[in-house]
Amino acid sequence: MPISGFPEWLPPQRIIEQQVLDRIRSTFELYGYASLETRAVEPLETLLSKGETSKEVYLLHRLQEEENARRDDQLGLHFDLTVPFARFVTENNGKLQFPFKRYQIQKVWRGERPQEGRYREFLQADIDVVNRDTLPFHFDTEMPLVIGDVFKSLPIPDAVILVNNRKVCEGFYRGLGLADTAQVLRTVDKLDKIGPEKVAAALVETAGATDAQAAACLALAAISATDGSFVDRVRALGVTDPLLDEGLGELLQVVETANEHAPGLVRAELKIARGLDYYTGTVYETVLQGYERFGSITSGGRYDNLASVGNTRFPGVGISIGVSRLLGLLFGQDALTVSRSVPTCVVIALASDDKRVECDRIAAALRGRGIATEVAPTAAKFGKQIQYADRRGIPYVWFPGEPDTVKDIRSGEQVEVDAATWQPPAADLYPNVSAR
């Protein structure tokens, strides 16, 4: 019986997922990110100290656990990959070369209400850069470029990376005279969920804002631009603060760098805040064109205070692709297809059971050269063996004989071949994933 929120893909979907992961991995590595895997659990205290709500954390315990087990011994499954990464850096900082660039592709768990594209167990693909004491800002500008290149390599709709900078928001709120900037940020972050009227009321009620201050916060959140024009629009609101100036300068750098790399890739969106408390500067969210109603499929940002050892800080910046979320949305819309449901490129036809050893030898020769090969499961009529291949999308059937021949069952073309030299076209060697 299916359990909601824990996706399981069919074999063709799994082939698509594996190819998507291969392209993500190779793009990350092109930018110099090294692979890392961390444990699935963290102390509950660590998880709850980073801004996640306790209701979303899954606890790990034995069925017969002692009733009086201490709370500080409790372990929870990680809800993202940034918190375990920060812990890993602090524990291993003496063994790492800084700046340290890593990628992680792992499952995470979050006790959310399952819905389309939102799961309780899901796969994330993260990149982060951390450094000792200070992290150059150009790494913030690199994040959208990596994600843009990942998405460009996939047969998916165009993506737009929405960027903001918390310094812009916090400086603006401070310049308005609002002291509890963290509360204002959390409230404005709910804009898409509850709408401007309820956000304005919540700002008055929870952040001590006047109606005019709440209106100014909403005016800032309404600013959106694919170029540097957002700077003048913020200035026109008449609020000044040194932190605001710093944030605008950083955000402008991200937008201009991305526009040079791929025009239209990013959009400054000043309502983006990100819910987790550890972000301190640049923040990112990404929407797929045509899928905007489902929200963000990648997110991340700059964190200056997440990890430290003694007096040494390890500031970082990172971004995460919700792989299961992305694929779940695309599968739900039947937007991706794969050329065959198995890796097999060629089936060796079996004339009779006593020929199986000979067929296995041919298959071994082809596999030795990297060609995925099956021997037909039974010595049925050749028509049925061709049907077996056709149902699975396997393009070639090999007929042992004097000489051997191979048939492209799509075109009907049949040619003489040698197992030591035959090579299918590159396009047929692996299943092909494409947009439907």
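The values are calculated or read from the model by the stated rules, or taken from the named source; none is laboratory data. Bear in mind that the values here come from a model prediction, so they are computed numbers and not experimental data. FYI the Cβ positions are ideal-geometry reconstructions off the backbone, even for glycines, and counts take in every protein chain you see. These accessible areas exclude ligands, DNA and RNA; they are computed on the full protein's heavy atoms, side chains included. Shrake-Rupley method; radii C 1.70, N 1.55, O 1.52, S 1.80 Å.
Just want to confirm a number: the relative contact order over segment 1-118, from Cα pairs under 8 angstrom separated by 6+ residues, in percent.
Relative contact order here is 35 percent.
Per the 1.4 Å probe, what fraction of the accessible area of the chain, in percent, lies on carbon and sulfur atoms?
Accessible surface attributable to carbon and sulfur in the chain totals 50 percent.
For the chain, what is the accessible area per residue in Å² when the probe is 1.4 Å?
For the chain, the per-residue accessible area is 48 Å².
Sorted by accessible area with a 1.4 angstrom probe, largest first, how do 261, 61, 78, 138 fall?
The ranking, largest first, comes out as 61, 138, 261, 78.
Each residue of segment 104-116 in order: what ³J(HN,Hα) in whole Hz does its phi give by Karplus 6.51 cos²θ - 1.76 cosθ + 1.60, θ = phi - 60°, with x for Gly and Pro?
Once rounded to whole Hz, the list reads 9, 10, 8, 6, 9, 10, 8, x, 9, 6, x, 7, 4.
May I ask you to evaluate 6.51 cos²θ - 1.76 cosθ + 1.60, the Karplus curve with θ = phi - 60°, for each residue of segment 392-406 and list the ³J(HN,Hα) values in order in whole Hz, giving x for glycine and proline?
Listing the rounded values in order: 9, x, 6, x, 10, 10, 9, 10, x, x, 10, x, 5, 10, 10 Hz.
So for the pair residue 390, residue 429, with labels modelled 7 Å out along Cα→Cβ, what separation do we get in nm?
That separation, rounded to one decimal, is 2.8 nm.
Tell me, what does the Kirkwood hydrodynamic radius of segment 267-330 come to in angstroms if you use every pair of distinct C-alpha atoms?
Every distinct Cα pair counted, the radius reaches 13.2 Å.
As a check on your grasp of the helix formula, calculate [θ] at 222 nm for the chain: sum -39500 (n - 2.57) over DSSP H runs of n ≥ 4, divide by the residue count, round to the nearest 500.
-11000 deg cm²/dmol
Over the chain, what is the relative contact order in percent, taking alpha-carbon pairs closer than 8 angstrom and at least six residues apart?
17 percent
Give me the one-decimal nm value for the distance between modelled label points at residue 215 and residue 361, 7 Å along each residue's Cα-to-Cβ direction.
So the two model labels end up 8.9 nm from each other.
Apply the Karplus curve 6.51 cos²θ - 1.76 cosθ + 1.60, θ = phi - 60°, to the phi angles in segment 121-127 and return the couplings in whole Hz, x for Gly and Pro.
10, 8, 9, 10, 10, 10, 10
Could you pull out the pairs from 55/271; 55/152; 107/384; 95/167; 152/198; 101/152 whose alpha carbons sit more than 31 Å apart here?
55/152; 107/384; 95/167; 152/198
Tell me whether segment 231-287 comes out rounded, prolate or oblate; compute the Cα gyration tensor, take square roots of the eigenvalues as a ≥ b ≥ c, and use a/c under 1.5 as the rounded threshold.
It is oblate, given that a/c is not under 1.5 and a/b is not larger than b/c.
Can you list residues from other chains, or at least 5 along the same chain, whose modelled amide H is less than 5 Å from the amide H of residue 404?
417
With a cut-off of at most 14 other beta carbons within 10 Å, and DSSP calling the residue loop, which chymotrypsin sites (Phe, Trp or Tyr not before Pro) in segment 272-333 qualify? Please list them.
Counting only loop positions with at most 14 other Cβ atoms within 10 Å, none of the chymotrypsin sites (Phe, Trp or Tyr not before Pro) in segment 272-333 qualifies.
Rank-order 374-380, 182-188 by packing density, defined as the average count of other C-beta atoms within 10 Å over each peptide's residues, highest first.
Top to bottom by mean Cβ count within 10 Å: 182-188, 374-380.
Let a ≥ b ≥ c be the square roots of the eigenvalues of the Cα gyration tensor of segment 1-48; is it rounded (a/c under 1.5), or, if not, prolate (a/b larger than b/c) or oblate?
It comes out oblate by the Cα gyration axes.
If you average 1/r over every pair of different alpha-carbon atoms in the chain and take one over that average, what Kirkwood value in Å do you get?
Averaging 1/r across every pair of different Cα atoms and inverting gives 24.8 Å.
If amide hydrogens are placed 1.01 Å from N in the peptide plane, which non-local residues have theirs closer than 5 Å to the one on residue 74?
44
For segment 1-153, what does the convex hull of the Cα positions come to per residue, in cubic angstrom?
162 Å³
With the cut-off at 1.5 for a/c, could you classify segment 124-271 from its C-alpha gyration tensor as rounded, prolate or oblate?
prolate
Got a number for the accessible area of residue 90? Probe 1.4 Å, square angstrom, nearest 10.
40 Å²
Where does each of 31, 103 land when they are ordered by accessible area, with a 1.4 Å probe and the largest first?
31, 103
Starting from the 7 Å offset along Cα-to-Cβ, what nm value, one decimal, do you get for the label separation of residue 54 and residue 411?
6.7 nm
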